[in-house]
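Notes follow once the structure below has been shown.
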Amino acid sequence: MFESAELGQKIDKETYDREVPCLREDLVNAQYDLSQQRRFPVIIVVGGVDGAGKSETVNLLNEWMDPRHIQTHAFPEPSDEERERPYMWRFWRALPPRGKIGILFGAWHTAPIVERVLGRSKTAKLDQSIEEIIRFVPGMDPRLRRMLQEGKLSWSRAKGLCRRIMEAAPGTEKKVADSVVKELETGKSPPPRRALSVKLATRRLAKHIESHPKTTYTVTAQELYSLLAILGGDSSAKGQDEHLERVRARFPSLVE
């Protein structure tokens, strides 16, 4: 998981200072789009060892965005009130509504893992906690949740399927979810799509530019990196599936 997230990219302070104003503007615009459209909430889970910079990261997010639309929650030792209720109750209360951003210092998965690593709990307790976490996962289709509980679906695949449902066009989420479940139940998946060769991709781009000469595009550095990684043709590259999904979303004409 961490290998697919680590791109090995670094920039110097001068470049960072030059890029920050544009990045901050894009981030605020995305936040206001989220607030106006109210299609879904956004949850940012901040974790790490003590001294890793968690507080500084959260302070920076609140500085860069409009804090009126951000809800920040920390989870110290449970209070007396929280101990009298189900373990997940404190997290249910912290979930943001649609159109809002919730920043969580730690989350529902943190304590069970820490307790097991430190030897304070047994494997059976960890298994019970995992079952509770599966039942709690926000926004998951109940049919996928059941398959996870029954061991018929892996976490890695469930993550990709949930992403497909969440990225569906407004009003089509149920249709996409039904399609996903049908694929799992029948064992039939749509044929995998692959990126075009550099030669064919260049030809398509040239044709598109010729017919739409004034069209402009805005892409992130990560999207450009994924495009280059896919066109490089190295099928063994780390995060290949993530790269292909990113290219498919931003450059659909370059994937067949």
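Quick one: what are the phi-derived ³J(HN,Hα) couplings along region 87-93, Karplus 6.51/-1.76/1.60 with θ = phi - 60°, whole Hz, x for glycine and proline?
3, 7, 4, 5, 7, 4, 5
If r is the Cβ-Cβ distance from Val117 to Arg163 and R0 is 30 Å, what FRET efficiency results, to the nearest 0.05?
It comes to 0.60.
Provide the convex hull volume over Cα atoms per residue for region 1-103, in Å³.
151
Amide H of Val45 versus every other amide H placed in the peptide plane: which residues, excluding those fewer than 5 positions away on the same chain, fall under 5 Å?
Leu104
Out of residues 5 or more away from Thr72 or on other chains, whose amide H comes under 5 Å of its own, with H placed 1.01 Å from N in the peptide plane?
Ile103
Residue by residue through region 211-221, what is 3J(HN,Hα) from phi via Karplus (6.51 cos²θ - 1.76 cosθ + 1.60, θ = phi - 60°)? Round to whole Hz and write x for glycine and proline.
Ordered by residue, 3J(HN,Hα) equals 8, 10, x, 9, 6, 10, 10, 10, 10, 7, 4 Hz.
Counting other Cβ atoms within 10 Å of each Cβ, which GluC sites (Glu not before Pro) in region 64-114 have at most 13 and sit in a DSSP loop?
The qualifying sites are Glu84.
Provide the net charge surrounding Glu210, with neighbours chosen by a C-beta distance below 14 Å and charges set as Lys +1, Arg +1, Asp -1, Glu -1.
Summing Lys/Arg as +1 and Asp/Glu as -1 gives +4.
Taking 51 Å as R0, compute the FRET efficiency from the Cβ-Cβ separation of Lys13 and Leu126 and round it to 0.05.
0.75
Order by neighbour count: Ile103, Ile209, Ile113, fewest other Cβ atoms within 10 Å first, most last.
Ile209, Ile113, Ile103
Can you list the residues of region 15-45 with backbone N under 13 Å from a point 7 Å past the Cα of Asp66, pointing along Cα to Cβ?
Residues passing the 13 Å test: 27-38.
Could you size up the charge dipole of region 1-122 around its Cα centre, putting +1 on the beta carbon of Lys and Arg and -1 on that of Asp and Glu, and report it in debye to the nearest 20?
Its charge dipole is roughly 600 debye.
If we count every other residue with Cβ under 13 angstrom of Glu77's Cβ, Lys/Arg +1 and Asp/Glu -1, where does the sum land?
Result for the local shell: -2.
Among the listed pairs Lys125/Lys152; Lys100/Lys159; Lys13/Lys54; Lys100/Lys182, give every one whose C-alpha distance is greater than 24 Å.
Lys100/Lys182, as the Cα separations exceed 24 Å there.
Give me the net charge for the shell around Ser35: Cβ to Cβ below 13 angstrom, other residues only, Lys and Arg +1, Asp and Glu -1.
Once all neighbours under 13 Å are counted, the net charge is +3.
Bear in mind these aren't lab numbers, they're just calculated from the coordinates by the rules spelled out. All values reported here derive from a predicted model rather than from experimental measurement. Neighbour counts are summed over all protein chains in view; Cβ atoms, including those assigned to glycine, are modelled from backbone coordinates with ideal geometry.
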